[in-house]
């Protein structure tokens, strides 16, 4: 809503380009498939690519390795816009997305290509390692590139350590945020009283009775003012 007030409007992928007046289009941090970017440029838009550098790195890896004849495996959420964009940078349709351990265990590839494994930038690092080991044990010729964002890895590590040392843990972020969901999963394993909230309005102060230490972590895109409001609410 804040963007709309400033004259910035969302453009959905796959929408009719003709209904938009030519102007500036900013590609969000999740990135988009190559054909989407090309379509925007061909339609006369000035394209500013604000894709996260870590995401662009994956695009380059997938593009290069698929050209070299590798079968591409992406570990992540197939419905997440970042993963959808990554898939779109492969030179072929020979791409597999694995999102859970069952799919890793069931993975089979009957072609004669080598396999290149990459990850969604916000995926759980330990799970990524586990999935790679499962696939590797099947005897495939693989290369695995750890493409998890450094900031994501550090945030997950710090959240794990913090949640193990407090009485209650609050994870702040959007319910559809992949990296926030991963933080929540990590914290739940270390602290039984872990709660996923979006704003201070979701915080039930009654659950904080007899709680001495509260830990707070937040997703990458959670605004600082939201975090500060929750922190102030906890101090009441």
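Tabulated values for the structure
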{"read-out": "Odd one out for residue 156 among (1) in contact (Cβ under 8 Å) with a residue 40 or more places away in the chain; (2) within 16 Å of the chain's Cα centre (by Cα); (3) crowded, with 21+ Cβ neighbours inside 10 Å; (4) not in a strand (DSSP E or B)", "value": "(1)"}
{"read-out": "Residue that is surrounded by the fewest Cβ atoms within 10 Å (Cβ to Cβ), among those in segment 209-221 that are in contact (Cβ under 8 Å) with a residue 12 or more places away in the chain and out of contact with any helix residue (DSSP H, G or I) (no Cβ under 7 Å at 6 or more places or on another chain)", "value": "212"}
{"read-out": "Filter result for residue 113 (part of a loop (DSSP other than H, G, I, E, B) and over 14 Å from the mean Cα position of the chain (by Cα))", "value": "yes"}
{"read-out": "Residue 55 vs. criteria surrounded by 16 or more Cβ atoms within 10 Å (Cβ to Cβ) and either part of a helix (DSSP H, G or I) or out of contact with any helix residue (DSSP H, G or I) (no Cβ under 6 Å at 6 or more places or on another chain) (or both)", "value": "yes"}
{"read-out": "All positions within segment 159-182 that are modelled with pLDDT of 95 or more and farther than 16 Å from residue 223 by Cα", "value": "159, 160, 161, 162, 163, 164, 165, 166, 167, 168, 169"}
{"read-out": "Test: residue in segment 117-127 that is surrounded by fewer than 18 Cβ atoms within 10 Å (Cβ to Cβ), modelled with pLDDT of 95 or more and either farther than 22 Å from residue 217 by Cβ or more than 18 Å from the chain's Cα centre (by Cα) (or both)", "value": "no"}
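The values are calculated or read from the model by the stated rules, or taken from the named source; none is laboratory data. None of these values were measured; they are calculated from a predicted model. For neighbour counting, all protein chains shown are included, and Cβ atoms are generated from backbone atoms with ideal geometry for every residue, glycine included.
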